[in-house]
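Encoded as structure tokens, the structure appears first; notes follow it.
Just so it is clear, none of the values below were taken in a lab; they were calculated from the coordinates. Predicted model only: the values in this text are computed from it and were never measured. Heads up, the Cβs are rebuilt from the backbone with ideal geometry, glycines too, and the neighbour counts pull from every protein chain shown.
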Number of protein chains: 4
Amino acid sequence: MTHNIAILGASGYTGAELVRIIATHPSFRIVALSADRKAGMDMSDVFPHLRHLDLPKLVKMDAIDFTNVDLVFAALPHGLSQALVKDLPDGVKVVDLGADFRLRDPAAYEKWYGAAHVATNLQKTAVYGLTEFYRDQIKNARLVAGTGCNAATVQFALRPLIAADVVDLDDIICDLKNGVSGAGRSLKETMLFTERATDVQGYAQGGKHRHLGEFDQEFSDLAGRPVTIQFTPHLVPVSRGILASCYLKGDAQAVYDVLNKTYANEPFIVVLPFGQQPGTGHVAGSNFCHIGVSADRISGRVLVTAALDNLCKGSSGQAVQNANLMLGEDETAGLMMAPVFP
Amino acid sequence: MTHNIAILGASGYTGAELVRIIATHPSFRIVALSADRKAGMDMSDVFPHLRHLDLPKLVKMDAIDFTNVDLVFAALPHGLSQALVKDLPDGVKVVDLGADFRLRDPAAYEKWYGAAHVATNLQKTAVYGLTEFYRDQIKNARLVAGTGCNAATVQFALRPLIAADVVDLDDIICDLKNGVSGAGRSLKETMLFTERATDVQGYAQGGKHRHLGEFDQEFSDLAGRPVTIQFTPHLVPVSRGILASCYLKGDAQAVYDVLNKTYANEPFIVVLPFGQQPGTGHVAGSNFCHIGVSADRISGRVLVTAALDNLCKGSSGQAVQNANLMLGEDETAGLMMAPVFP
Amino acid sequence: MTHNIAILGASGYTGAELVRIIATHPSFRIVALSADRKAGMDMSDVFPHLRHLDLPKLVKMDAIDFTNVDLVFAALPHGLSQALVKDLPDGVKVVDLGADFRLRDPAAYEKWYGAAHVATNLQKTAVYGLTEFYRDQIKNARLVAGTGCNAATVQFALRPLIAADVVDLDDIICDLKNGVSGAGRSLKETMLFTERATDVQGYAQGGKHRHLGEFDQEFSDLAGRPVTIQFTPHLVPVSRGILASCYLKGDAQAVYDVLNKTYANEPFIVVLPFGQQPGTGHVAGSNFCHIGVSADRISGRVLVTAALDNLCKGSSGQAVQNANLMLGEDETAGLMMAPVFP
Amino acid sequence: MTHNIAILGASGYTGAELVRIIATHPSFRIVALSADRKAGMDMSDVFPHLRHLDLPKLVKMDAIDFTNVDLVFAALPHGLSQALVKDLPDGVKVVDLGADFRLRDPAAYEKWYGAAHVATNLQKTAVYGLTEFYRDQIKNARLVAGTGCNAATVQFALRPLIAADVVDLDDIICDLKNGVSGAGRSLKETMLFTERATDVQGYAQGGKHRHLGEFDQEFSDLAGRPVTIQFTPHLVPVSRGILASCYLKGDAQAVYDVLNKTYANEPFIVVLPFGQQPGTGHVAGSNFCHIGVSADRISGRVLVTAALDNLCKGSSGQAVQNANLMLGEDETAGLMMAPVFP
């Protein structure tokens, strides 16, 4: 059965990544693509790498006839999905790749995003889109909130450990190395090639990054008490990829066993042999997440590292994985492409 | 129908790229992987990006039982395929990704590769693997010789023009910009990250590059008289991609029309709108080749540029495309993945 | 003797490069830095790599007291220098790094830059800043027009050959590979890290690039008759560097001898041994230009390649070299730093 | 006064970096360059970026007449300096850039380097080369042991804090991002361009890195009791640069004040305004180290980050700084070049 798909915000990188994935998806058909500033253009002019595809022209959002649409991917800047989703026909399912529906608590949303939520009723019904941990709710959801890409990476490393209570919840430090595409395609001086090509630098340090709202919500829920992690992302000169190095206190072997057992049957989460480290280059272009565990020379210290492609498993791949569940397809449909290396 | 596939030389980049492509191919099944120095290792230790796949262990070539194999991809260093192919059971089809069977004339082989060919009978039967131009012969071939990656790129730009006689055959200059993976995975000081990351430099200049043997053979055959092009490759700091800038004398619109018409129904060759330039980043990870045509301010001069991914369309993707034809499958099976950008 | 220096447009890359060079210059002292949008900021906030220096704050141009200034470097967007230089006190010398005074013919200026020149009297007095060929005029100039970075690279390769009449003037093809910093620090989607990091692509092809105005002027003057070259730049993912591959018709050894003799005593121009190729990585961060000559397998064809750092020898290094001459200092003062490799 | 300098191991990256720095040093003159495998070659063939310099040919070490030499820089693989330095004439001063004399305790040396030290008498006399903290001893030393590049970076961040006792000594976590040149120029598959260009990956995790020997020695000495830090380096795709992110427990403002005060008069150590992060791109090519301090949202947690160029301040720049002191020159002679950005 073919499902009709609309992508809102198709001129950004997560929009393009959705098109890339759907290009070889067995049952999704793109019927509408929206972009605001670039409405009227052909997708091939905005993204020449998609030129071989027969795609609808980019239009303004309000030019789309949603009666014909089974599922909408909303890859919009933060804040724009709230109003939009409210007005969609009831039968249209939505996977939101932005931040609008990630936080269940309106106060938390306002704290991290600086404005009151305008669709708080919808916010309550949204399911958090970390597929491996919300699979059953996602199957029945009308609205799924894609996670932050950093939030996904770190949660793959930490959720099983927090749930199993094998690490010290009060001393979790996550140091991330982030590919530049996480900043999107918008024009910022700091994202020019020349600024980034030979630079490695931390940013949003000390607790300013908005994905912390997701960590606080999810980890506290999971632990049944407040959990506050320390989290610092760093920009590194690759286009795709996040490597999360999580410094934990606990027994390395116990940590490894929990992760290994949790992910034994997961199609996309690969736990490496004990002591091996994942690399971003080994997951780029794919929906896989690689996880490594190493003991430290200091007894009781363990390093858990997770690598994924922020545009794919961290965003658009996750979105398709969720859409598959929502539309009754095989969860892995269209997503088994191997990473591109070198 | 499932076809049993063996890959010889699986520890190199073209070997890994074959595995990547076949991972989502609908009817190919890998039953054997060989590597010489790395025999005994798991593919996931040699190429961690393929860890999610269930693959046979790497073995020495002579440990493979070929009676069970439908088609062999030989991704071996130059010179090693000749002896091997001779000894394979007759029923096994072969796609050779190396240089051993590209040149039909033994004297030309010896000139460019510095040693006499040891399987000259086979050499005569090999079909040159530029799919778009040798499609019918490839369908019935037992042995197909994959083209050089530079040779493929330039031929996509020039063959239709030489055949249609719309450019001056005595004044063809091709300046190539080459991704580093073309040098393979072997250890050379000049291929270290530190040597290449900030450098752009020509090599094999002046007519020393072995792919010239292919150009001389193919273009002269096509023109019915000797054609000798000028060709200089340059290393640029990308892993994948070749951009060929071909400086030609002829009428730009006539050139464009010939290319446009020739490739109108080709699934993998995309001719851009007149005046647009292709980029290597827009074909990376895919089997597509983008071609652009521009007129110069000097009347009678035309620039034709072609971009493809050397590991995919220039080598392993081409090989699978040929194998599809040889095994009676749809030519595009397993090859429609969109380029990965950014 | 210390010379007081003002830099206009200090928030761009050529401005920063001037500061970098002058930081260890024995007799230049920076007394004023201007920036338009960033006026009021510290240079260390605009360019953190210059934080160790004690520099004046960025101000608007009209806040500078030029009576105190010996020489002005104008690193402004094209079109802004014309008006400015007119109004400077007569005693202030000017090195303009922009395009405003490169073309001596007002009609040529209007053709390439799309607007009439507003300081045509000054335009006549400006000396073209290719130091090695205009040394004597530069010494006595009040206003020197820095060359385009592409224009400098190609002229180093070709001027001696045109002057010596050893190549066919009607068949000169120059294929350039250009580092991204040539596009400056302004915000363009195509200059984002993600757009450039894995891409190689031609631009301004077919004769649209403004540096052609300089080639036409200089080569025609030199030859005493119109010379029109074919020139295509390509963006490659390095921050600094231009590699010009010039395809010429002539005798390779004669070409080599002319270049070798012309540059025998030049401190910054290095002619490599015959047959060797220069690399951009071997001149980055320096004021050197490396030139290589190779014969082609086709008799009568020769490849001349030149590599330099577009921000240094192609722009700010050249500017300091000229300023040294204008102020009576040693031409190499402050410019002998070795390239930074790797 | 001119000092005669010999560089042993000149065909590696730290050797080339010494030549780069000395090229503009006011009082150092290179009289001998050694290389083992590349003896007999010109330096310009091994490092084309140094072609403009008039340098001695590379020779085997035993072909050098040391009677003429004032100071030797030994940039040799670990283990080779011990035997060599023993046999040098007494009057020759030595700066060793390798690991042979970094550890004062022979047992520690054997633990980390896997072999007994063969010059234990000399080992006792060597001064640890972290200039800013061993300045007085270095002035009078005959033999100075250059620090590890990671060891230098982390010590600049931590030494003042350990000395001032403002952080918890039992909970120090250092996550490093390392440029690839730290691996040197030797041939390793993992250091090929293709392997590193799009990859970020940890290595030597869990306490295996040899620089831990230096940390244990220096921090324990400083604290007067055993201090054991947790330390994980990660390879990132830049040629030069180390960014150390140090996760500490202590008061952020107190930490900042200590660092600010300690480095107030240091010419090469720059403490950024509170809350700002250093970038490797802002120190590349220079002898500067930038340090940033940020408070975390969790009270009592502080992030201290330090960035330097591993080949310069982390190795060859440090070596020249020490040589300046040993030879009675100004400590900053030849080292004030500004970072190269972009």
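Brief remarks follow.
- Take each residue of peptide C:292-299, count the partner chain Cβ atoms within 10 Å of its Cβ, and average: the result is 5.
- Within 10 Å of the Cβ of each residue in A:181-189, the mean number of Cβ atoms contributed by other protein chains is 4.
- Rg over Rh for the stretch D:76-201 works out to 1.01, using Cα positions for both radii and the Kirkwood form for Rh.
- Each residue of the stretch B:77-84 was assigned a 3J(HN,Hα) from its phi angle through the Karplus curve 6.51 cos²θ - 1.76 cosθ + 1.60 (θ = phi - 60°); the sequence is x, 3, x, 8, 6, 3, 5, 4 Hz, with glycine and proline shown as x.
- Springs between Cα atoms under 10 Å define the GNM used for chain A, and in it the highest mean-square fluctuation of A:Val154, A:Val19, A:Val118 occurs at A:Val118.
- Computed E for A:Asp221/D:Asn260 - FRET, C-beta separation, R0 45 angstrom, nearest 0.05: 0.65
- Legend: P(r) of chain A from all alpha carbon pair distances, 10 Å bins from 0, whole percents, reading 6, 26, 36, 24, 8, 1, 0.
- Per-selection Kirkwood Rh - the stretch A:150-309 (Cα, Å, 1 d.p.): 16.1
- Overall Cα dimensions of the stretch A:1-81, principal axis frame, Å, largest first: 32, 28, 21
- Between A:Asp62, A:Asp168, A:Asp221, the GNM of chain A built on Cα springs shorter than 10 angstrom shows A:Asp62 fluctuating the most.
- Simple Cβ-charge dipole of the stretch D:228-342, Lys/Arg +1 and Asp/Glu -1, about Cα centre, in debye nearest 20: 420
- Filter on C:Lys38/C:Lys177; B:Lys139/B:Lys261; A:Lys249/D:Lys124 - keep pairs with C-alpha separation over 27 Å: C:Lys38/C:Lys177; A:Lys249/D:Lys124
- Between C:Asn140 and B:Arg104, the simple label model (points 7 Å from Cα in the Cβ direction) yields a spacing of 6.9 nm.
- Extent along the principal axes, Cα only, for the protein assembly as shown: 82, 79, 64 Å, with the longest axis given first.
- Only Cα sites of the stretch D:142-228 enter the Debye sum here, all with the same form factor; the resulting log10 I(q)/I(0) across q = 0.12, 0.23, 0.25 1/Å is -0.47, -1.21, -1.35, listed in q order.
- Mean residue ellipticity (222 nm) of the protein assembly as shown, computed from DSSP H runs ≥ 4 via -39,500 (n - 2.57), nearest 500: -8000 deg cm²/dmol
- When only the Cβ of Lys, Arg, Asp and Glu is charged (+1, +1, -1, -1), the dipole of the stretch D:150-310 relative to its Cα centre reaches about 360 debye.
- Dipole of chain A, positive direction: furthest Cα of A:Phe231, A:Ser286, A:Val19, with charges on the beta-carbon: A:Val19
- Where labels lie 7 Å past Cα in the beta-carbon direction, separation of B:Asp65 and C:Asp330 in nm: 7.9
- Efficiency of FRET between C:Ala39 and D:Ala163 - r from beta-carbon atoms, R0 41 angstrom, step 0.05: 0.45
- Test item: A:9-21 mean partner chain Cβ contacts at 10 Å: 2
- For chain B, the Cβ-based charge dipole about the Cα centre amounts to some 420 debye (Lys, Arg positive; Asp, Glu negative; other atoms uncharged).
- Nearby aspartates and glutamates by direct alpha-carbon distance to B:Lys86 (threshold 17 angstrom, same-chain neighbours under 8 apart not counted): B:Asp62, B:Asp65, B:Asp70, B:Asp96, B:Asp100
- Taking 7 Å steps out from each Cα toward its Cβ at C:Asp87 and B:Thr2 produces label points 8.0 nm apart.
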